[in-house]
1. List every residue pair whose Cβ atoms lie under 9 Å apart, where the two residues are 6 or more positions apart in sequence or sit on different chains, the first residue falls within region 1-15 and is modelled with pLDDT under 95, and the second residue, located anywhere, is loosely packed, with under 11 Cβ neighbours inside 10 Å.
2. Would you mind telling me which numbered condition in (1) of a type outside the set (Lys, Arg); (2) more than 15 Å from ASP140 (Cβ to Cβ); (3) under 13 Å from the mean Cα position of the chain (by Cα) LEU56 fails?
3. Provide a single number: the residues in region 107-116 that are more than 17 Å from ALA36 (Cβ to Cβ) and either over 14 Å from the mean Cα position of the chain (by Cα) or surrounded by fewer than 16 Cβ atoms within 10 Å (Cβ to Cβ) (or both).
Amino acid sequence: MRPTVRLLLSHPAHFISLGFGSGLSPRAPGTAGTLAAWLLYPLLRAPISDFVFLALLASFFVAGIIAADRTGRALGASDHGAIVWDEIVAFWLVLFFAPPGLAWQAAAFVLFRFFDIVKPQPIRWADSRIGGGFGVMLDDLIAAGYAILALAVLKHLLG
């Protein structure tokens, strides 16, 4: 089933899991969701402390489990491509740990999308073995971990 604006607006869980509409993109909805996260990050991040931001991300992760599960059932696929809240929350975490500057954010974007698309182990294992909303959220969290690690290595190598 292809999600529609009607589905997006029919329940708050769908609005969240479909990334405020970014998941409705006909091409590369995961990339569209990640771009939406990048655009929204300064609005979310600026006014709050590190601790509050990380606590907020943890609550968004839990909410994502519930929302993705509900939307997956509505769409008939537990990890439907239009569900992009997992990309959004995971990329916010990557941006939190990325060095400051637009170039580092762009590198973070490319690295996160690379790991989310290629799915090296254990991302592939989590994606194929853990179902429901938790599985949807978990594989992107692991991809975020890879991206954060790669950014740290790059920063060390570049001085």
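The values are calculated or read from the model by the stated rules, or taken from the named source; none is laboratory data. The structure presented is a predicted model; accordingly, all values stated were derived computationally and were not measured. Using ideal geometry, Cβ is built from the backbone for each residue, glycine included, and neighbour counts are taken over all protein chains shown.
1. From region 1-15, the pairs are MET1/GLY76; ARG2/PRO26.
2. Of the numbered conditions (1) of a type outside the set (Lys, Arg); (2) more than 15 Å from ASP140 (Cβ to Cβ); (3) under 13 Å from the mean Cα position of the chain (by Cα), the odd one out for LEU56 is (3).
3. From region 107-116, those more than 17 Å from ALA36 (Cβ to Cβ) are 107, 111, 114-115; that's our starting set.
Narrowing the set further to residues that are either over 14 Å from the mean Cα position of the chain (by Cα) or surrounded by fewer than 16 Cβ atoms within 10 Å (Cβ to Cβ) (or both) leaves 107, 114.
The qualifying residues number 2.
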